[in-house]
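Take a look at the structure below.
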Amino acid sequence: MKIAIPTDSMGGLSDIVFNHFGMAPTYTVVEIIENKIGKVEVIDNTSDHFGGSESPVDLLVKKNVGIVICSNLGPRAMEVLTCQGFDLFFTKREKVQEVVDKFIRGELERLSGEKTSCSSTQ
């Protein structure tokens, strides 16, 4: 499984979780294999927030990410991520390595997208 975490600048396991999902300079993508950290990749945020043509979600979909862990997620981003099938988790602003370790141990709070339009029963 691949998880993405919005990161401050350089990305990677030693970087800090950025406080705004869509405006993060980078996303650190971590592959988890048998509850261990596998490949780590840093993706520059070249989304429409920074003059590109894609959304941050599009960037993560292309990398086959299924989980997003963040410290702040607005209602629109939550709706788009939920509708695209992402699992969402909350963390504090701390080092990515610590966040990934907590995720592996099952210590992060899952964010619910139950109030989004794509989860409506109508």
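What is the local net charge at Glu107, summed over the other residues whose Cβ is closer than 14 Å to its Cβ (Lys, Arg +1; Asp, Glu -1)?
Summing Lys and Arg as +1 and Asp and Glu as -1 gives 0.
Report for the chain the percent antiparallel among DSSP-assigned beta bridges with both residues inside it, nearest 5.
75 percent
Determine Rg/Rh for the chain; Rg is computed over alpha-carbon atoms and Rh is the Kirkwood hydrodynamic estimate from the same atoms.
0.95
Once you treat every alpha carbon in the stretch 1-59 as an equal point and sum by Debye, what is log10 I(q)/I(0) at q = 0.12, 0.22 Å⁻¹?
-0.27, -0.80
FYI, it's all coordinate maths here, none of it is from the lab. Computed from a predicted model, the values in this text were never measured in an experiment. Neighbour counts run over all protein chains shown; Cβ positions are idealised from the backbone, glycine included.
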